[in-house]
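Engineer: Would you mind keeping the following structure in view while I ask a few things?
The values are calculated or read from the model by the stated rules, or taken from the named source; none is laboratory data. Everything numeric here is computed off the predicted structure, so don't read it as measured data. Every residue, glycine as well, gets a Cβ built from its backbone with ideal geometry; the counts of neighbours run over all protein chains shown.
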Amino acid sequence: MTFVPHTDDERRQMLAAIGVDRLEALFDAVPVDVRFPDLALPPPMTELELDREIRNYAARNSVAQDGRSFLGAGCYRHFIPATVDSVLQRGEFYTAYTPYQPELSQGMLQAIFEYQSMICRLTGMEVSNASHYDGATSLAEAVLLALEASRDQRRIVFSPHVHPHYRAVVETYLRATDATLDVASGKETSARALADSVDEDTAALVVQSPNFLGGIEDLTGVAEAVHGKGALLIVVVDPISLGLLWPPGDFGADVVVADGQALGIAPSFGGPSLGIFATRRSHIRRLVGRLVGETEDAAGSRGYVLTLATREQHIRRAKATSNICTNSALGALAAGVYLATVGEAGLRRIAELCFHKSHYAAARLGGLAGCAVNRHAADVEFFKEFVLSLPIEAATVLSRLHDEHGIVGGFDLACVDPDRRNEMLVAVTEMNTRDDIDCFVDAVRSVLAKHSCEVPE
């Protein structure tokens, strides 16, 4: 370790205050194989050899943008207008880290202000920040906001249909608090049914619509029921769906969060992403992250400044609302350019294409022998994702789809629930043509037929 200006006695005092006797104990929660991995590094290479090695690795990648892909589960393939990259790759934006010095950063500050404005209009909320890492961290921060707003209410009611990775992040955040996370179970897990389970000890109800399995939740009357118990309603959304569906703000949601990757950010290897966070004006002092505001300069001209940023790096760090010390400003810029480019009518058209194409795919796949669509919730409408039940394990189908047909299939739900080995989550966006869908259906039929022939009677 490099020099740290602390005496041995000071270190002992700090460790005693924490409750451990040695510095290494702070890392005991990290698995040993991760803490001390056997790197087994190869011998050094020349630049030429290294370039060839990296290119060989890159050639093994399956690029979703270049082929037929039906993989979603939180990271989606949507068309990105050329204007997005054209703006993002300008040096003024691409290399900026925290561009908040107003006399030098008016362009970026204006872009963030416009992003916030569009997010508010999209979600039906009154104020939006800029921004978080991804949808999961935005949700975790929303839960902390609800706990801070309630103070005495320490229970969080969680829909089981919220993305499981989001739930894991929230659970991690809550480890350092006295709050409890109650994930609903049983058949009655709709948003309205969960609202009835909210009691006086509940700080917030968390629902997702469209949910992790693609189902659209009915939010009618949910906020009223939740507010009647003194709790907040937090809604996780797919921003693309808001081109077609009523915004959560119209249903009385207190906080709306989302992953903004679908808004002009390529999937890559699952990111980078963007955490969208919007809330009511009454919670503005608890808003996490940054808020850019519009003002006038000394000459009376319009200008933009960082209005609110309660961060651990700033002077009142003990009052910080979050430990997030940076943000996804470039991602927010991408989302802003995307929304400005496609416009209201364009976003609605994209959402309609996702809706209708996914229903076409579901109808065709559900007609295959041994297959079924949304067996868990046949009466619930879905947006762009649905669950396909198969007669064999989804992992087998997905492997053969890729190896034999060059198709990236859906998400194997066994990855999050071992009891769902024969189910995969299929995502269909505007990027999937009718020919893509028909080829996918034919490929699944071929895989199932081949597997049936291989199984001995």
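Engineer: What's the total number of residues in the range 146-189 that are in contact with a strand residue (DSSP E or B) (Cβ under 6 Å, 6 or more places away or on another chain), touching a residue at least 60 places away in the same chain (Cβ under 8 Å) and assigned to a loop (DSSP other than H, G, I, E, B)?
Structural biologist: Final tally of qualifying residues: 2.
Engineer: Let me ask you something else. Limited to the range 386-437, what total is found for residues that are within 23 Å of the chain's Cα centre (by Cα) and of a type in the set (Ser, Thr, Tyr)? Lay out the reasoning, then the answer.
Structural biologist: Step one: of the range 386-437, the residues within 23 Å of the chain's Cα centre (by Cα) are 386-388, 408-418, 420, 423-432.
Going one step further and asking which of them are of a type in the set (Ser, Thr, Tyr), we end up with 429.
Residues meeting the conditions: 1.
Engineer: Check the range 156-165 and report whether any residue there is in the same structural domain as residue 261 (by TED's automatic domain parsing), modelled with pLDDT under 95 and either within 14 Å of the chain's Cα centre (by Cα) or hydroxyl-bearing (Ser, Thr, Tyr) (or both). Show your work before the answer.
Structural biologist: First, pick out the residues of the range 156-165 that are in the same structural domain as residue 261 (by TED's automatic domain parsing): 156-165.
Adding the requirement that they be modelled with pLDDT under 95 leaves none.
No - not one qualifying residue is present in the range 156-165.
Engineer: Here are some conditions: (1) among the aromatic types (Phe, Trp, Tyr); (2) farther than 30 Å from residue 413 by Cβ; (3) outside the structural domain of residue 230 (by TED's automatic domain parsing). Residue 93 meets all but one. Which one does it not meet?
Structural biologist: For residue 93, the exception is condition (3).
Engineer: Answer yes or no as to whether residue 340 is hydrophobic (A, V, I, L, M, F, W, C) and either modelled with pLDDT under 90 or touching a strand residue (DSSP E or B) at 6+ places or on another chain (Cβ under 7 Å) (or both). Even if it seems obvious, please write down each step before you answer.
Structural biologist: Details: hydrophobic (A, V, I, L, M, F, W, C): yes; either modelled with pLDDT under 90 or touching a strand residue (DSSP E or B) at 6+ places or on another chain (Cβ under 7 Å) (or both): no.
When the stated conditions are applied, residue 340 does not pass them.
Engineer: Here's a check for you: in the range 68-82, which residue that is of a type in the set (Gly, Ala, Ser) and outside any loop (DSSP other than H, G, I, E, B) is surrounded by the fewest Cβ atoms within 10 Å (Cβ to Cβ)?
Structural biologist: First, the residues of the range 68-82 that are of a type in the set (Gly, Ala, Ser): 69, 72-74, 82.
Next, from what is left, pick out any that are outside any loop (DSSP other than H, G, I, E, B): 69, 82.
On the way: 69: 23, 82: 8.
Step by step, filter the range 68-82, then rank; the result is 82.
Engineer: Among 151, 155, which is at positive phi and surrounded by fewer than 24 Cβ atoms within 10 Å (Cβ to Cβ)?
Structural biologist: Values: 155 fails: at positive phi.
Result of the check over 151, 155: 151.
Engineer: Would you tally the residues in the range 403-437 being β-branched (Val, Ile, Thr), in contact (Cβ under 8 Å) with a residue 24 or more places away in the chain and either in a loop (DSSP other than H, G, I, E, B) or at positive phi (or both)? Step through it out loud before you land on a result.
Structural biologist: Step one: list which residues in the range 403-437 are β-branched (Val, Ile, Thr), which gives 407-408, 416, 426, 428-429, 433, 437.
Pick out the ones that are also in contact (Cβ under 8 Å) with a residue 24 or more places away in the chain and you get 407-408, 416, 426, 428-429, 437.
Of the ones still in play, those that are also either in a loop (DSSP other than H, G, I, E, B) or at positive phi (or both) are 416, 428-429.
Of the residues in the range 403-437, 3 are β-branched (Val, Ile, Thr), in contact (Cβ under 8 Å) with a residue 24 or more places away in the chain and either in a loop (DSSP other than H, G, I, E, B) or at positive phi (or both).
Engineer: Of the residues 149, 176, 203, which single one is more than 27 Å from residue 381 (Cβ to Cβ) and modelled with pLDDT of 95 or more? So that I can check it myself, show each step before the final result.
Structural biologist: Working: 149 fails: modelled with pLDDT of 95 or more; 176 fails: modelled with pLDDT of 95 or more.
So the residue among 149, 176, 203 that is more than 27 Å from residue 381 (Cβ to Cβ) and modelled with pLDDT of 95 or more is 203.
Engineer: Identify all residues within the range 307-319 that are under 20 Å from residue 293 (Cβ atoms) and modelled with pLDDT under 70; write none if there are none.
Structural biologist: Applying the first criterion (under 20 Å from residue 293 (Cβ atoms)) to the range 307-319 yields 307-311, 313-316, 319.
310, 311, 313, 314, 315, 316, 319, listed by residue number.
Engineer: Considering only residues that are exposed (fewer than 10 other Cβ atoms within 10 Å of the Cβ) and not in a strand (DSSP E or B), look in the range 296-306 and name the one that is modelled with the lowest pLDDT.
Structural biologist: 298
Engineer: When both residues are 6+ apart or on different chains and their Cβ atoms are under 8 Å apart, which pairs have a first residue that lies in the range 98-118 and is over 14 Å from residue 297 (Cβ atoms) and in the same structural domain as residue 87 (by TED's automatic domain parsing), and a second that is among the hydroxyl-bearing types (Ser, Thr, Tyr) and modelled with pLDDT of 90 or more?
Structural biologist: 112/304; 113/304; 115/128; 116/128; 117/128
Engineer: Here are some residues: 400, 348. Which one is part of a helix (DSSP H, G or I) and under 30 Å from residue 190 (Cα atoms)?
Structural biologist: Numbers: 400 fails: under 30 Å from residue 190 (Cα atoms).
Answer to the check: 348.
Engineer: Can you find a residue in the range 25-32 that is surrounded by 10 or more Cβ atoms within 10 Å (Cβ to Cβ) and touching a residue at least 24 places away in the same chain (Cβ under 8 Å)?
Structural biologist: Checked the range 25-32: no residue is surrounded by 10 or more Cβ atoms within 10 Å (Cβ to Cβ) and touching a residue at least 24 places away in the same chain (Cβ under 8 Å).
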